[in-house]
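The block underneath contains the structure these notes are about, expressed in structure tokens.
The values are calculated or read from the model by the stated rules, or taken from the named source; none is laboratory data. Computed from a predicted structure; not experimentally measured. Backbone-built Cβ (ideal geometry, glycine too); neighbour counts: all protein chains shown. Just the protein is used for accessible areas: all its heavy atoms, side chains included, with ligands, DNA and RNA removed. Shrake-Rupley method; radii C 1.70, N 1.55, O 1.52, S 1.80 Å.
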Amino acid sequence: MDYKYETTVGAKKINFLMGIAGGIQLKKLKKAGKNCAKTEEQTLRSILEYAKDSEWGKAHNFDKILAAPDAATLYKLWRENVPPADYEDFRPFIDRCKNGEENILYPGKAMMYATTSGTTGQPKWIPITPEYYNNVYSKMTKLWLYSFMMHRPKVFYGRDLSVVGKAVEGQAPDGTVYGSVSGVTRRDVPAFIDKLHSAPYEVCTIEDYHSRFNTLIRIGLGQNVGSMITANPSTVAELVKTVNENFDDFVDQIEKGTLNPEYKMDPETRAIIESKLTPNPARAQCLRDLKAKYGELYPKHYWPNLVFLTTWKCGNTKSYMGKFNEWFNSDMLHQEFGYFASECRAGLVLNGQDDTVLFPHMHYFEFVREEDSEKEDKEFLNLSQLEKGKRYIIYVTTFAGLYRYCMNDIIECTGFFEQIPTIQFIMKTNGIVSMTGEKIHETQFINAVRVAEKETGYSTKMFVGFADLSISAYHFFYEFEDKSLGKEAAEKMTQIVDRVLGEENVEWKCKRDTERVKDPVSHVLKANSMDAFKEEWISLGKSREGQFKLNVLMQNDKALEIFKTLEVK
């Protein structure tokens with residue numbers, strides 16, 4: 001007998017309410033897009049008005065800038081009075097905020113801080129003000145979920161399985177909490193949206209990562225899941241692996257309505273979660289039947305109604321895309337997660353594909369052409385000045401105390417939504433690595449590996465390169481699809497990569513010819529090395545689950561050390 005999958009309680013009502021809440025935000029975005037230039041001027045004036053009485057606003061003449069009679073004068077005064085900045089320019093001011101001082105970068109105090117990795121070894125503390133949260137995260141979440149319905153109308157007839165961070169991870173010296181904004185958004189959703197989630201919010205508060213992840217899977221495996229939200233596709237791979245490795249235990253819990261006593265969590269959290277569990281022998285038998293029929297199981301088997309998935313799809317994450325074709329039903333929509341960072345929730349993907357619509361009514365954006373990035377006297381462009389097909393470095397000004405903040409990201413303008421440019425993330429500007437002037441770009445390295453794959457016939461599951469100052473050489477790591485390939489194959493790959501880099505980059509050839517950059521060192525990686533690295537990186541506190549990213553080329557001694565432990569000996 002076929003198992004009858006339960007529809008989310010009140011699904012039609014949820015769709016109706018989501019249509020209203022998300023539809024309102026979509027109308028506002030379209031209105032903002034009718035005259036993008038006017039909207040971004042209004043947004044900059046709103047931010048100046050909001051922060052003019054802060055210490056930063058007074059020091060940078062926000063009042064004077066606001067008095068500009070027209071847009072041209074406004075932007076002229078803005079760029080004369082407020083210099084471009086990176087996080088280290090803001091760190092001393094944010095440190096003062098963390099210690100309890102008010103009205104420094106913005107009115108009053110932050111409601112929380114989002115923490116993320118920094119370039120100096122110290123984490124970044126990104127303020128989230130009430131103004132920013134209420135006008136960005138709260139409203140954008142409604143539109144984001146509504147966009148799922150735009151492409152898959154019955155997406156919420158099943159539950160949503162979301163992997164988010166902890167809302168509260170600790171406190172600043174003044175008692176202001178820090179943690180995951182996605183966790184706060186999950187915690188504070190309206191009641192009708194809360195019903196969509198497969199697991200209660202309490203699961204997100206579990207300290208131990210593996211216990212939290214296993215609890216999320218155990219609950220979701222017993223349900224009719226219609227959508228998945230997780231930034232990292234590696235999380236999906238980890239889920240598939242975890243289901244198959246712990247299948248019998250998960251099914252036993254579902255059958256009995258229990259939660260594995262070995263999962264680590266405080267008694268109060270366990271009691272709340274267990275109170276929501278009920279025995280489901282029919283679902284347990286369905287899962288056993290699927291296991292008997294297919295052997296290794298994938299989401300298309302245990303969640304046949306899953307019609308929407310959103311993850312990052314760029315960089316090394318592309319290595320998962322082929323697997324996803326095997327793991328999910330062909331009618332499932334896999335949408336890019338979108339241009340998203342702790343510093344700025346810049347916009348949303350609305351077209352069901354890969355293009356982020358920037359939000360000119362919530363942030364003020366500026367851009368520098370990629371080719372002008374090294375110029376001392378850079379020309380800064382507004383959002384309305386972008387051209388399709390051109391690449392830019394993006395700067396943001398927000399309602400959370402970041403002014404002309406360089407995101408160190410290269411984006412490409414891919415088209416327009418009304419008059420609003422749509423973008424795709426290309427790479428970090430720090431994708432350029434240089435020990436002695438060779439200035440190797442991440443894209444050059446990627447292209448060189450692709451050429452090597454074509455010439456040798458060897459296919460890689462993933463690859464990564466490191467600059468090592470201690471030996472004045474690069475380490476190139478390869479995880480081959482064919483596990484029988486070893487060091488000889490890696491050496492052959494590296495010889496071609498070395499040659500192609502010299503053909504594409506005159507500085508590389510010069511530094512290699514003069515031996516200022518020594519011969520690259522080749523390494524063969526064990527199976528599933530990215531997953532192993534990710535787990536170790538997160539356990540060391542270097543990143544949270546939702547923020548984990550792996551650059552293809554980098555100079556990071558700790559990451560290099562970890563990859564060496566993953567090498568086939």
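Here are the numbers:
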read-out	value
Reachable aspartates and glutamates from Lys109, criterion Cα separation under 13 angstrom, eight or more residues apart if same chain	Glu55, Asp95, Glu101, Glu131, Asp174
Hydrodynamic radius of region 39-83 per Kirkwood, over alpha carbon pairs, in Å	10.2
Descending principal axes extents, region 99-207, alpha-carbon based, whole Å	48, 30, 28
Accessible surface of the chain, 1.4 Å probe, proportion on carbon and sulfur as whole %	49
FRET efficiency estimate (nearest 0.05) - Cβ-Cβ, Asp248 to Asp86, R0 30 angstrom	0.05
Of the trypsin sites (Lys or Arg not before Pro) in region 158-195, those whose Cβ has at most 15 other Cβ within 10 Å and which sit in DSSP loop	none
Sequence-separation-based contact order of the chain, relative, with Cα cut under 8 Å and 6+ spacing, percent	13
Helical mean residue ellipticity (222 nm; -39500 (n - 2.57) per DSSP H run of 4+; nearest 500) of the chain	-12000 deg cm²/dmol
Two-site label geometry, Lys375 and Ile432: point separation in nm, points 7 Å out along Cα→Cβ	1.5
Extended-chain gain in nm, criterion 0.36 nm per residue less alpha-carbon gap, Glu102 and Tyr294	63.1 nm
Thr456/Lys518 FRET efficiency (R0 25 Å; Cβ-Cβ; nearest 0.05)	0.65
Out-of-range pairs (alpha-carbon distance over 24 Å; input Lys313/Lys534; Lys256/Lys276; Lys13/Lys241; Lys12/Lys195; Lys534/Lys564; Lys388/Lys439)	Lys13/Lys241; Lys388/Lys439
Pairwise centroid distance, computed over Cα atoms, of region 499-569 with region 1-39, Å	42
Trypsin sites (Lys or Arg not before Pro) within region 349-397, DSSP loop, no more than 12 other Cβ atoms inside 10 Å	Lys375, Lys388
Qualifying GluC sites (Glu not before Pro) in region 171-257, DSSP loop, other Cβ atoms within 10 Å at most 14	Glu207
Local electrostatic count at Ile272 - Lys and Arg +1, Asp and Glu -1, tallied over other residues with Cβ under 13 Å	-2
Sequence-separation-based contact order of region 272-385, relative, with Cα cut under 8 Å and 6+ spacing, percent	15
Value of D in µm² per second that Stokes-Einstein yields for region 435-488, Kirkwood Rh from Cα pairs, at 4 °C (1.567 mPa s)	104
Local net charge near Phe308, Cβ-Cβ under 13 Å (Lys/Arg +1, Asp/Glu -1)	0
Residues listed by number, region 396-436, amide nitrogen under 19 Å from Asn447 label point at 7 Å toward C-beta	410-413, 425-434
28 Å Cα-Cα threshold exceeded, pairs from Lys31/Lys166; Lys124/Lys378; Lys375/Lys511	Lys31/Lys166
Theoretical gain in end-to-end length, Glu507 to Glu6 [0.36 nm per residue, Cα-Cα removed]	174.2 nm
